[in-house]
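Enquirer: Mind looking over this structure? Questions follow.
Read-outs throughout are calculated quantities, based only on the coordinates presented, and are distinct from any laboratory measurement. Remember, it's a predicted structure, so these values are computed and weren't measured experimentally. We place every Cβ from the backbone using ideal geometry, glycine too, and count neighbours over all the protein chains shown.
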Amino acid sequence: MPPPPPGFGPPIPVAQPYPQPYPHQPQPPQPHPYQQPHPYQPPQPAAPAGGPEFVAHDRHNSVVVDPSGIGLEVNGHTMDFPWAGVATAHFAPAPHGHVLMVAVRHPGGMLYECRVTARRRAQLDQWLAELGPVLHHYLGNRPPG
């Protein structure tokens, strides 16, 4: 019978890198090297303290604009964009129906959209009137970039 090919056969015993602790001597947990925070954190622009807020929602979708950024929820999937992660934000009424369309463009170029259906035309008009000044408050004074 020929010998087994290389790499097959009984496992090779491996020496333990550290001695096993005695049961009566508890050992402190050692952090994994990948769980330690990275020493360099890029500077984040401070969010304006206590600014205006905007909320629009229906049964499936929602848009929230507040001092921390823009949050979109589409059919249970939430996307949060801090102000540093928002290049531009656009909004408009849909051509048909009572729908508010909101789009957030990420600095990398990706575009994220959310559509919120209003129950009445008056509610859509109120959302449109409120959202513009709130977005301008957070995005209007940014340096172009």
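Enquirer: Find the relative contact order for the stretch 77-116 and round it to a whole percent, using C-alpha pairs within less than 8 Å whose residues are 6+ positions apart.
Expert: 32
Enquirer: Within the stretch 100-118, what residues put their amide N at less than 16 Å from the label point 7 Å along the Cα-to-Cβ vector of Ala92?
Expert: Residues 100-105, 111-116 fall inside that zone.
Enquirer: Could you give the length gained on full extension between Val99 and Glu130, defined as 0.36 nm per residue of separation minus the Cα-Cα distance, in nm?
Expert: 9.7 nm
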